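Here the structure is laid out as structure tokens; the discussion comes afterwards.
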């Protein structure tokens with residue numbers, strides 16, 4: 001049974017990498033494409049808000065479905081749908097087109113991440129759950145590293161329509177793997193019995209969920225506004241993709257060392273993440289050149305690499321298996337809430353008061369994690 005579960009997890013990590021590479025390229029380079037089509041800061045923020053708002057709703061829908069139906073089959077359906085949505089981007093010719101398609105990308109992204117996260121926590125034995133969550137995060141962050149970097153090169157060389165065609169094919173390649181590995185080979189007992197949503201099973205996690213809010217707001221701005229801002233400063237897409245790759249690489253460093261951060265003390269590690277995030281945003285407020293973006297992006301990436309798996313670990317360990325779908329959906333939905341508000345309000349702040357005000361505001365917000373870390377369900381030490 002243990003070997004079978006290990007095999008299922010390895011196949012799952014492969015598909016997560018392939019799909020994340022596609023979604024990473026589409027998500028992070030979409031603002032660059034929009035900026036080239038003449039999008040303003042408000043338009044960039046609105047585009048991010050549209051995607052995040054739909055993401056927020058669809059994570060909850062996905063969580064409900066995951067606690068009612070077969071999770072492997074749903075994962076296959078969501079992946080096929082994702083390939084079709086990314087392919088549609090190749091036909092976009094205006095900012096309005098991109099806004100509508102960004103909403104569809106929010107739908108498939110919510111379905112993908114909620115399902116993948118739930119499957120990992122469901123299949124993994126409890127004694128290696130922290131390690132499995134770390135590997136899950138490494139799988140998708142590897143895709144988010146490869147996606148923007150390769151996407152920047154491809155889009156600069158061949159244009160954005162060709163990029164989206166290639167990324168759609170990449171998702172399509174993962175579908176046979178999902179079918180053979182996670183649908184056909186899956187056996188009874190590898191997933192939990194579905195009992196529907198039980199809200200009482202998640203009591204005591206409110207502070208843990210709230211810690212996502214400051215980071216989600218900053219992440220929304222980082223994904224939706226910052227790439228377009230860098231393009232407006234004259235930085236070419238390939239360099240923007242490289243810097244986003246660097247940031248995601250630092251997130252991967254945090255994911256890889258999640259067990260070390262747990263051993264060091266989860267509350268202590270969360271406080272470190274909060275301080276790193278605050279410092280990064282303060283420096284970003286005054287960054288205007290390529291070298292000036294490097295240090296804050298490294299710090300921001302590392303802060304997210306610490307925060308994300310620690311919160312997931314707490315939620316997964318504190319939630320009964322039969323409500324894992326909704327527990328992980330609420331985790332993703334909290335990102336959706338702030339990644340909706342962050343770009344929408346951030347776009348207006350950047351347009352009216354310049355980007356400096358936006359980043360200074362986010363720096364102050366990031367310190368909210370400090371008191372929440374004392375009220376959450378995380379441990380001071382292992």
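Coordinate-derived values only; no laboratory data. Remember, predicted model here, so these are calculated numbers, not experimental data. Note that we place each Cβ from the backbone using ideal geometry, even for glycine, and neighbour counts take in every protein chain shown.
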Query raised in the report: Which entry in [x] 30, 25, 18; [y] 64, 22, 20; [z] 113, 21, 14 is this structure's computed semi-axes √(5λ) of the Cα gyration tensor in Å?
Result: [x]
Query raised in the report: At what distance in angstrom do the alpha carbon centres of the stretch 147-165 and the stretch 43-63 lie from each other?
Result: 24 Å
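What shape does the stretch 250-298 have by the C-alpha gyration tensor, where a ≥ b ≥ c are the square roots of the eigenvalues, rounded means a/c under 1.5, and otherwise prolate means a/b greater than b/c and oblate the rest? Present the calculation step by step, with values, prior to reporting the outcome.
Numbers: a/c = 5.58, a/b = 2.03, b/c = 2.74.
It comes out oblate by the Cα gyration axes.
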**Report entry** Protection proxy ranking of 36-44, 122-130 - average other beta-carbon atoms within 10 Å, highest first
**Finding:** 36-44, 122-130
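Does the stretch 120-179 come out rounded, prolate or oblate, given a ≥ b ≥ c as the square roots of the eigenvalues of its C-alpha gyration tensor, rounded meaning a/c under 1.5 and, failing that, prolate meaning a/b above b/c? Show your work: numbers first, answer last.
Details: a/c = 6.04, a/b = 2.10, b/c = 2.88.
It comes out oblate by the Cα gyration axes.
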Report summary line: So, relative contact order of the chain in percent, Cα under 8 Å, 6 or more apart, is 31 percent
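Relative contact order of the stretch 19-130: what whole-number percent is it, with Cα pairs under 8 angstrom and at least 6 residues apart?
Numbers: 84 pairs, mean separation 43.8, N = 112.
Relative contact order of the stretch 19-130: 39 percent.
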**Report entry** Relative contact order for the stretch 209-344, counting Cα pairs under 8 Å that sit 6 or more residues apart, in percent
**Finding:** 45 percent
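Rounded if a/c is under 1.5, else prolate if a/b is larger than b/c, else oblate: which is the stretch 270-382, with a ≥ b ≥ c the root eigenvalues of its Cα gyration tensor?
Numbers: a/c = 2.47, a/b = 1.71, b/c = 1.44.
Since a/c reaches 1.5 and a/b is larger than b/c, the shape of the stretch 270-382 is classed as prolate.
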